[in-house]
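Have a look at the structure below before the remarks.
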Amino acid sequence: MTPHDASDAIDPYAGDTIGVRPITAAELPDWLRAVKTGFLQQPVVPDQEVENRAPGVILSRTLGAFDGSRCVATFRSFPQKLTAVGGAAVPADAISAVTVSPTHRRRGLLTRMMRADLAAARERGDVVATLIAAEYPIYGRYGFGPATTATEWTVEVPRTGLDPRWAGPADGARIDLVDAEDVRKAGPELHERFRRGRPGAIDRDERWWQIATGALRFGSSWKEPFYASYRSASGEIEGLVSYTADDDWGDSNQPRNTAEVNWLLAVTPAAERALWSYLCSIDWITRVTSGRRAPDDLLPQFLPDPRAARVTRHTDWLWVRILDVVRALEARTYGAEGTLVLDVADESGPDGGRFRLRAAADGTATCVPTSEEADLSLSIADLATLWLGDESAVRLAALGRVRERQEGAAVLADALLRTSRRPWCPDIF
């Protein structure tokens, strides 16, 4: 029997004497305190923070483990749209706020919460589940695989070779400082254009824009950013950036300030180039930190001297768990024509099996369960790692994580699955 046997289907919260269940509205303050405890933040939740967070919480999808009346483990999920290769928006079960208090570790609480949530996601018809992993080793055992990475650069402005006299685009486009209200108006449509063109991107609702622009705040750490927009020569907004700056004059009373990018969103290379040039041209700014960018971001190559941008952080980012192999593989497009039979092992759930993937010349594909001999054997987690197109099946085969049943199957998998631009998820959730 798998962990998803008949008894779990009847009562997914059955287990030891610590109760695991959806919380009530009255229990939200205690649940938030437990979240902060798990993330080693001050375990104090002001009434205003509870009030501001409550509308973003779906109580039926917000689980708590209770030892008596005290919440000792937390877990929440919410609906999300994830962009597959080719631009389709796939329904996803986004998982967040996963904690277990230090007094209640190693009791299976996370497993019980994860099992219940993924079972509910399958019943709803979600194709995948997603999360940002605070610790690498945890989520592979639940069938999640790292599917995107994120890279941060620090740009030493004096070394870039950019013209210090740069005063804006010379092609009729323009850069303007704008206000938070302008961002809330223009941002959603701009982001939707971006999301449709980037595998791994997720949707942003109105609440995201309120939080990103300070209209909705949860604590005292908010620092009001600057915002700038890029308008093409036709007057269309094609880029937005949010950034802050420090106040560092150094020992010799010379400004050496750093501009920290919160996020930079652009739908054309021209907009992207102009916004980076703008940031590097601001008086007193000697350093720019890029924030989380795609691993193949254009930023370094925009600079006459790309070495002026050094990688200061590179990490796995979005993790994906496939809940419906057929729908996941049919949702995306493919770079070549071919057929692969995949033997997918799912030790932690019911989503494995043998599937025949047939990609057509137009990039579309069909996927059906089959009893044919497999070409490639892999885990559900490694299939998720390959699904968005970032990883190589040949590389995973060399690592022993993918097994070729037919010679050349890994090379064919790369021809079908890999993408010309790497997937990217700019957001944290």
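The values are calculated or read from the model by the stated rules, or taken from the named source; none is laboratory data. Note that this is a predicted model, so its numbers are computed, not measured. Glycine gets a Cβ as well: all are built from the backbone with ideal geometry, and neighbour counts include every protein chain shown. These area figures cover heavy atoms from the full protein model, side chains too; ligands, DNA and RNA do not enter into them. Shrake-Rupley method; radii C 1.70, N 1.55, O 1.52, S 1.80 Å.
Here are the numbers for this structure:
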quantity	calculated
Condition check for VAL45: in contact with a helix residue (DSSP H, G or I) (Cβ under 8 Å, 6 or more places away or on another chain), surrounded by 18 or more Cβ atoms within 10 Å (Cβ to Cβ) and hydrophobic (A, V, I, L, M, F, W, C)	yes
Residue satisfying condition, being at pLDDT 95 or above, open to solvent by 20 Å² or more (accessible area, probe 1.4 Å) and not in a helix (DSSP H, G or I), within set ARG76, ARG33, ARG115	ARG76
Filtered residues of the stretch 123-164 (kept if of a type in the set (A, V, I, L, M, F, W, C) and in a strand (DSSP E or B))	VAL128, ALA129, LEU131, ILE132, ALA150, TRP153, VAL155
Members of the stretch 182-207 found to be open to solvent by 40 Å² or more (accessible area, probe 1.4 Å) and either in contact (Cβ under 8 Å) with a residue 12 or more places away in the chain or in a loop (DSSP other than H, G, I, E, B) (or both), listed by number	ASP182, ARG184, PRO188, ARG193, ARG196, GLY197, ASP203, ASP205, GLU206, ARG207
Matching option when the condition is in contact (Cβ under 8 Å) with a residue 24 or more places away in the chain, under 27 Å from TRP424 (Cα atoms) and in contact with an Asp or Glu (Cβ under 9 Å, 6 or more places away or on another chain), among ALA97, ALA89	ALA89
Number of the condition not met by VAL241 [criteria: (1) without any contact (Cβ under 8 Å) to a residue 40 or more places away in the chain; (2) under 22 Å from ARG159 (Cα atoms); (3) surrounded by 15 or more Cβ atoms within 10 Å (Cβ to Cβ); (4) hydrophobic (A, V, I, L, M, F, W, C)]	(2)
Residue within the stretch 51-58 that is of a type in the set (A, V, I, L, M), free of Cβ contacts under 8 Å to residues at least 40 places away in the same chain and surrounded by fewer than 17 Cβ atoms within 10 Å (Cβ to Cβ) present	yes
Residue check, GLN301 of a type in the set (S, T, N, Q) and modelled with pLDDT under 95	no
Qualifying residue in the stretch 340-355 (condition: open to solvent by 50 Å² or more (accessible area, probe 1.4 Å) and within 27 Å of ILE428 (Cβ to Cβ))	no
Any hit, the stretch 409-427, residues being more than 30 Å from ASN262 (Cα to Cα) and not in a helix (DSSP H, G or I)	no
Output for the stretch 395-414, where each listed residue is more than 16 Å from PRO199 (Cβ to Cβ) and either surrounded by 16 or more Cβ atoms within 10 Å (Cβ to Cβ) or basic (Lys, Arg) (or both)	ARG395, LEU396, ALA397, ARG401, VAL402, ARG403, GLU404, ARG405, ALA409, ALA410, LEU412, ALA413
Odd one out for ASP390 among (1) open to solvent by less than 80 Å² (accessible area, probe 1.4 Å); (2) more than 21 Å from GLY143 (Cα to Cα)	(2)
Residues within the stretch 356-371 that are farther than 19 Å from ALA384 by Cβ, of a type outside the set (S, T, N, Q) and open to solvent by 70 Å² or more (accessible area, probe 1.4 Å), tallied	3
Residues being open to solvent by less than 50 Å² (accessible area, probe 1.4 Å) and either among the charged types (D, E, K, R) or at pLDDT 95 or above (or both) - total across the stretch 1-30	8
Residue under evaluation ALA233, criteria (1) buried (at least 19 other Cβ atoms within 10 Å of the Cβ); (2) under 30 Å from ASP163 (Cα atoms); (3) among the hydrophobic types (A, V, I, L, M, F, W, C), criterion not met	(1)
